[in-house]
Amino acid sequence: MAEAASVAAECLAGCRARGARSVLGQVVLPGEELLLPEQEDAEGPGGAGERPLSLNAGARSRVRVICGPGLRRCGDRLLVTKCGRLRHKEPGGGGGGVYWVDSQQKRYVPVKGDHVIGIVTAKSGDIFKVDVGGSEPASLSYLSFEGATKRNRPNVQVGDLIYGQFVVANKDMEPEMVCIDSCGRANGMGVIGQDGLLFKVTLGLIRKLLAPDCEIIQEVGKLYPLEIVFGMNGRIWVKAKTIQQTLILANILEACEHMTSDQRKQIFSRLAES
Amino acid sequence: MQRGLDSETKKQLEEEEKKIISEEHWYLDLPELKEKESFIIEEQSFLLCEDLLYGRMSFRGFNPEVEKLMLHMNAKHKAEEVEDETVELDVSDEEMARRYETLVGTIGKKFARKRDHANYEEDENGDIQPIKAKKMFLKPQD
């Protein structure tokens, strides 16, 4: 019984498993299995059960493939865990490239190395508790600022905005963040200045806005002098010279997610006139 | 009368104790699974996937420090992709080597005493050689 069930499951899985290359750019759903290119070649012509004999049967030169967000490793295949479009990036040197799922969500899960905007909620002893939008507040030590020593404490109050990056972020431990890089320099991290407006958007929009060739940011930058800070946890902080300009900017950034490029250009031209 | 046990009996007792302890240990009664080396690495970060720009931005001179940072961070990011081109040298390596060769001599000459100046004028080619050996006191033979 058990054998029959397992064989049936394998057949079903075999029917549904598609090659990763053939699905690039298409929508994938959680539960799908994807075959990597080398496996595709092996299973394609010999699908009937006969496998062509290869000379180097033992020495398979497999390249390391990285499965990014939305994918998990399942034996030799990739298992999709989020719905979205499958993307691939060719490797720079060595390796087999990166596969990931371009999904959309509002809830942020802390990831190591991400730069985020946090709000200081509590100050207890030597650490600050910073709310980053995850399941737990992250901890930030007062020594993790540039030029901070035991005598020279940073000037951080409850309610301040902090731009920092995670050093520890996994599902088993409380996330920890710092405001310096590995060399000890701030590189723009630390307390974000006075005034301005903080608002929340979806995570996908942040990634879209931070893409190297994003037109929205280029057009926004031509309107008037302003400053923006993007946090990977879906939070954006903007500041302009007057409150009205700040609010206009916030509205544009929130709305541009659902606008087509034509609508956006219309709005920008109207703004440029006024 | 012998106090204590023989060494043999001691060893036997120790072995028996070890057996008892090792039998009490729990172990999994499964067949040995062959560990397959996996060629797939799992990463949860988007930094590897997409080249994202630096998160702080300033436009039209609102915050000059941030604008400098933007140039620095985005240029660094691009420089990592394009492998570093060799910086054009103002002075070639050969010239540097030649200069250093003579430099050692000239600076050394400055600190040499009058008697050591003789060592510096020996070479015919014009290259200055460093001091060979310091003259020590020679005890006179009687």
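The values are calculated or read from the model by the stated rules, or taken from the named source; none is laboratory data. All figures in this text were calculated on a predicted structure; none of them were measured in a lab. Every residue, glycine as well, gets a Cβ built from its backbone with ideal geometry; the counts of neighbours run over all protein chains shown. In case anyone asks, the SASA skips ligands and DNA or RNA and just uses the protein heavy atoms, side chains included. Shrake-Rupley method; radii C 1.70, N 1.55, O 1.52, S 1.80 Å.
If you go through the range B:37-90, how many residues are more than 7 Å from every other protein chain (Cβ to nearest Cβ), open to solvent by 50 Å² or more (accessible area, probe 1.4 Å) and at pLDDT 75 or above?
Adding up the residues that qualify gives 8.
With the checklist (1) farther than 25 Å from A:GLN266 by Cα; (2) within 11 Å of chain B (Cβ to nearest Cβ); (3) small (Gly, Ala, Ser) in hand, flag the one item A:GLY147 doesn't pass.
Here A:GLY147 clears every test but (2).
If I filter the range A:197-211 for residues that are in contact with a helix residue (DSSP H, G or I) (Cβ under 7 Å, 6 or more places away or on another chain), more than 8 Å from every other protein chain (Cβ to nearest Cβ), more than 19 Å from A:PRO137 (Cα to Cα) and open to solvent by 20 Å² or more (accessible area, probe 1.4 Å), do I get at least one hit?
Scanning the range A:197-211, I find at least one residue that is in contact with a helix residue (DSSP H, G or I) (Cβ under 7 Å, 6 or more places away or on another chain), more than 8 Å from every other protein chain (Cβ to nearest Cβ), more than 19 Å from A:PRO137 (Cα to Cα) and open to solvent by 20 Å² or more (accessible area, probe 1.4 Å), so the answer is yes.
Taking the range A:103-133 as the region of interest, how many residues are open to solvent by 50 Å² or more (accessible area, probe 1.4 Å) and within 16 Å of A:GLY25 (Cα to Cα)?
Residues meeting the conditions: 1.
Identify, by number, the condition in (1) at pLDDT below 80; (2) surrounded by 10 or more Cβ atoms within 10 Å (Cβ to Cβ); (3) within 14 Å of another protein chain (Cβ to nearest Cβ) that B:LYS34 doesn't meet.
With respect to (1) at pLDDT below 80; (2) surrounded by 10 or more Cβ atoms within 10 Å (Cβ to Cβ); (3) within 14 Å of another protein chain (Cβ to nearest Cβ), B:LYS34 is out only on (2).
For the range A:226-274, which positions are in contact with a Ser or Thr (Cβ under 8 Å, 6 or more places away or on another chain) and open to solvent by 20 Å² or more (accessible area, probe 1.4 Å)?
In the first step, residues of the range A:226-274 are kept if they are in contact with a Ser or Thr (Cβ under 8 Å, 6 or more places away or on another chain); the result is A:226-228, A:234, A:238-240, A:257.
Across the range A:226-274, the qualifying residues are A:LYS239, A:GLU257.
Can you tell me which residue in the range B:91-133 is modelled with the lowest pLDDT, limited to those that are in a loop (DSSP other than H, G, I, E, B) and open to solvent by 100 Å² or more (accessible area, probe 1.4 Å)?
At the first step, the residues of the range B:91-133 found to be in a loop (DSSP other than H, G, I, E, B) are B:91-92, B:112-113, B:122-133.
Next, only the ones that are open to solvent by 100 Å² or more (accessible area, probe 1.4 Å) stay: B:113, B:124-125, B:132.
Values: B:ARG113: 80, B:GLU124: 48, B:ASN125: 55, B:LYS132: 59.
Among those residues, the one meeting the criterion is B:GLU124.
Which condition breaks for A:SER261 when tested against (1) within 15 Å of A:ILE217 (Cβ to Cβ); (2) touching a strand residue (DSSP E or B) at 6+ places or on another chain (Cβ under 8 Å)?
Single failed check for A:SER261: (2).
Select from the range A:147-175 the residues that are closer than 26 Å to B:LEU47 by Cα and open to solvent by less than 70 Å² (accessible area, probe 1.4 Å) and list them in ascending order. Let's see the steps before the verdict.
As a first pass, look at the range A:147-175 and keep what is closer than 26 Å to B:LEU47 by Cα: A:161-175.
Result: A:LEU161, A:ILE162, A:TYR163, A:GLY164, A:GLN165, A:PHE166, A:VAL167, A:VAL168, A:ALA169, A:GLU174, A:PRO175.
Which of (1) within 14 Å of chain A (Cβ to nearest Cβ); (2) modelled with pLDDT under 80 does B:LEU28 not meet, given it meets every other one?
Failing condition for B:LEU28: (1).
What's the total number of residues in the range A:31-90 that are more than 9 Å from every other protein chain (Cβ to nearest Cβ), modelled with pLDDT of 85 or more and open to solvent by 70 Å² or more (accessible area, probe 1.4 Å)?
3
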